[in-house]
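K.L.:
To start, I am sharing the structure in question, which I have written as structure tokens.
What follows is calculated from the coordinates using simple rules that are stated; it is not laboratory data. These numbers come from a predicted model, not from an experiment. Don't worry about glycine lacking a Cβ; one is built from the backbone with ideal geometry, like all the others, and counts go over all protein chains shown.
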Amino acid sequence: MKEGDVVLLPFAQADAVTKKRPAVLLRILPPFDDFLVCGVSRQLRHQVAGFDEVIADTDADFKASGLVETPLIRLGFLASLPAARFLGDIGYIATTRHHRLLQRLARYLEAPLKRT
């Protein structure tokens, strides 16, 4: 498995229920080569504009992603997991999309903290 791959894994939901879900491998993390992953959802209503990303069925990498319905890549749905947790590899996203997601996440993490 490599960065940009779409995998299937047991992912804990906000309600603590674990479901088999697709996720995108964003980055390999040191020192144990765990993966930073973000969840993929069919719930397009959860999209955060300018942050999350939809793969339309007309996009060049839709078929290669292995996803069957219009997916939402949710950058706010992150986890760090060892490769042993993955159930399998189902596809991959375009390198340009992968880089765009990493850049969005980095910009968000580098932005000044908004205190309320």
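K.L.:
Among residues belonging to segment 87-114 that are basic (K, R) and in contact (Cβ under 8 Å) with a residue 12 or more places away in the chain, point out the one that is surrounded by the fewest Cβ atoms within 10 Å (Cβ to Cβ).
P.N.:
The extreme case among them is R100.
K.L.:
Of all residues in segment 62-116, count the ones that are closer than 15 Å to L8 by Cα and hydroxyl-bearing (S, T, Y).
P.N.:
Result for segment 62-116: 3.
K.L.:
Starting from residues that are of a type in the set (A, V, I, L, M, F, W, C) and assigned to a strand (DSSP E or B), keep the ones in segment 1-12 and report whichever is farthest from the chain's Cα centre (by Cα).
P.N.:
Out of the qualifying residues, it is A12.
K.L.:
Which pairs have Cβ atoms under 9 Å, sit 6 or more apart or on different chains, and link a residue in segment 46-72 that is on the phi > 0 side of the Ramachandran plot and crowded, with 18+ Cβ neighbours inside 10 Å to one that is outside any loop (DSSP other than H, G, I, E, B) and among the aromatic types (F, W, Y)?
P.N.:
G66/Y92
K.L.:
Ok, one more. Condition test on D15, is it surrounded by fewer than 14 Cβ atoms within 10 Å (Cβ to Cβ), charged (D, E, K, R), in a loop (DSSP other than H, G, I, E, B) and free of Cβ contacts under 8 Å to residues at least 12 places away in the same chain?
P.N.:
It is true that D15 is surrounded by fewer than 14 Cβ atoms within 10 Å (Cβ to Cβ), charged (D, E, K, R), in a loop (DSSP other than H, G, I, E, B) and free of Cβ contacts under 8 Å to residues at least 12 places away in the same chain.
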